[in-house]
Amino acid sequence: METFLIKALQLMLSLSILVGFHEFGHYIFARMFGIRVERFFLFFDYKFALLSFKREAKSLVVKVCDKLQFDIPMWAAKPSDTEFGVGWIPFGGYVKIAGMIDESMDLEQMKQPMQPWEFRAKPAWQRLLVMIAGVLFNFILAIIIYSCITFKWGETYLPFENAKDGMEFSQPALDAGFRNGDILLTADGEKLEYLSNESLHAIIEAQEVTVLRDGVIVPITINDSLMLNIMKQNTFFATYRVPAIVKTAEEGTGAFAAGLTTGDRIVSIDTTAIGSFSELTTALQPYKSQMVNVGYLRGDSLMTTAVMTDSLCRLGINITPVNELYTLVTKKYTFWEAIPRGIEIGVSRLTNYVSDFKYVFTKEGAQSLGGFGSIGSLFAPKWDWYSFWNMTAFLSVILAFMNILPIPALDGGHVFFLLYEVITRRKPSDKFMEIAQTVGLFLLFGLLIYANGNDLIKFIFI
């Protein structure tokens with residue numbers, strides 16, 4: 001329950017930041033062009049709001065200017081036209097721009113005579129920039145977050161060449177020709193540095209990947225079925241292979257009684273060879289609360305001992321983690337170095353996501369679509385700011401791309417019709433925009449129901 005709450009809170013905070021920044025982009029550009037913004041709300045306020053207010057003319061800015069005998073800015077000299085507030089439905093948010101057909105479907109306003117401060121009264125290029133602003137601000141936010149992460153934490157990673165035991169591959173990767181223990185070298189001739197979004201994408205998109213297998217360079221041909229099978233089985237591509245090297249033997253367990261100690265490397269369970277911790281776990285499954293012969297290396301000596309397993313088929317050992325076995329690399333960035341690196345990461349995440357979007361239109365891709373549950377599960381089970389900001393930046397990239405899709409009711413739908421207007425010099429009628437908005441909302445609600453339905457099915461049956 002605690003893990004669920006922590007993930008839910010991270011999801012709510014992340015979406016609040018992303019949506020707030022997105023809508024702030026629309027707000028800033030609308031006000032820049034003299035368009036009235038009637039409401040700016042974080043969360044949705046169906047029937048009532050938790051908090052709402054309008055800035056009065058006698059604001060703090062006016063008081064400060066009076067005190068210092070400065071000229072009062074025009075925007076502070078009169079009451080605000082915008083109602084700011086917080087709704088009670090803790091997802092999303094919105095801005096209501098005067099004279100615009102949006103999700104509020106305020107058709108009565110559109111029947112009134114056009115006013116100069118309305119969205120519909122402005123030139124097409126201004127309306128276009130207002131609609132693009134939300135997407136632009138989300139991408140800028142992602143770059144800012146990635147830059148800040150790089151500046152504060154740098155980049156710590158394990159190079160493939162340092163992980164001498166190679167990689168542990170999923171079943172789809174094994175079916176594609178990889179073998180546990182392979183050390184990844186290149187993808188289409190480009191060197192693979194370490195396990196990351198970029199390297200995984202390079203592997204999936206490559207025609208040929210080379211690996212080091214038992215001291216020999218082996219080429220592996222990659223085809224589209226690899227990614228589809230990974231999605232179909234809802235699994236990963238690969239992880240670093242963790243050898244079964246004892247860090248400690250817990251007192252009172254079979255391993256402790258048998259004399260297993262720090263540094264012992266388990267290499268066999270009865271007649272089954274063991275190359276990694278995951279293979280050890282699998283090999284122990286038939287042995288519940290019974291003696292099992294364990295082969296292990298202590299220095300250069302191969303030894304064997306009988307160990308009593310517990311009721312969960314465990315020996316009672318803690319395994320030495322990867323970061324204590326191999327040499328990690330840490331790159332630190334100055335403030336000015338972090339900015340271009342943040343841009344580089346943001347652009348890479350966006351291009352990779354756009355490239356992977358084609359899989360949505362496959363059977364496997366459609367089945368892998370998830371809703372709030374799937375998104376929430378991506379956050380760390382314990383509150384970790386590095387993980388939180390990384391995920392928030394990535395979600396900001398996704399939100400930017402998804403919002404620019406030419407679907408009515410999304411920013412991209414408005415952009416599409418505005419581009420049509422700019423090119424043809426013909427403005428779609430209000431009636432057409434009403435119908436398009438309605439169709440778009442039905443499509444979005446349908447997608448939302450489908451995605452969250454997938455989550456429910458996975459929760460019940462998987």
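The numbers here are math on the coordinates, done by the rules we state, and not lab data. These numbers come from a predicted model, not from an experiment. Using ideal geometry, Cβ is built from the backbone for each residue, glycine included, and neighbour counts are taken over all protein chains shown.
LEU312 to ARG213: extension gain in nm, 0.36 nm per residue of separation minus the Cα-Cα distance?
Extending this stretch completely gives an extra 32.2 nm.
Calculate, for ALA273 and GLN112, the FRET efficiency according to 1/(1 + (r/R0)^6) with r their C-beta to C-beta distance and R0 60 Å; round to the nearest 0.05.
So, using R0 = 60 Å, E works out to roughly 0.15.
Could you work out how far apart the two model spin labels at VAL422 and ASN323 are, taking each label as a point 7 Å from the Cα in the direction of the beta carbon, and quote it in nm?
Each label point is offset 7 Å from its Cα along the Cβ direction, giving 4.7 nm.
Quote the FRET efficiency, to the nearest 0.05, computed for GLU190 versus THR334 with a Förster distance R0 of 22 Å and r equal to the Cβ-Cβ distance.
Efficiency, rounded to the nearest 0.05: 0.20.
Distance cut-off 29 Å, Cα to Cα: go down the list LYS54/LYS152; LYS164/LYS247; LYS232/LYS331; LYS152/LYS382; LYS191/LYS382; LYS122/LYS358 and report the pairs above it.
LYS54/LYS152; LYS232/LYS331; LYS191/LYS382; LYS122/LYS358
Show me the ranking of peptides 219-226, 399-406 by mean Cβ neighbours inside 10 Å, starting with the highest.
Averaged packing, sorted descending, gives the order 399-406, 219-226.
For a quick protection proxy, order the peptides 289-301, 185-197 by their average other-Cβ count within 10 Å, most packed first.
185-197, 289-301
For the stretch 333-339, what does the Karplus curve 6.51 cos²θ - 1.76 cosθ + 1.60, with θ = phi - 60°, yield as ³J(HN,Hα) per residue in whole Hz, taken in order and with x for Gly and Pro?
10, 6, 4, 6, 6, 5, 5
For THR272, list long-range residues whose amide hydrogen, built 1.01 Å from N in the peptide plane, is under 5 Å from its own amide hydrogen.
For THR272, no residues qualify.
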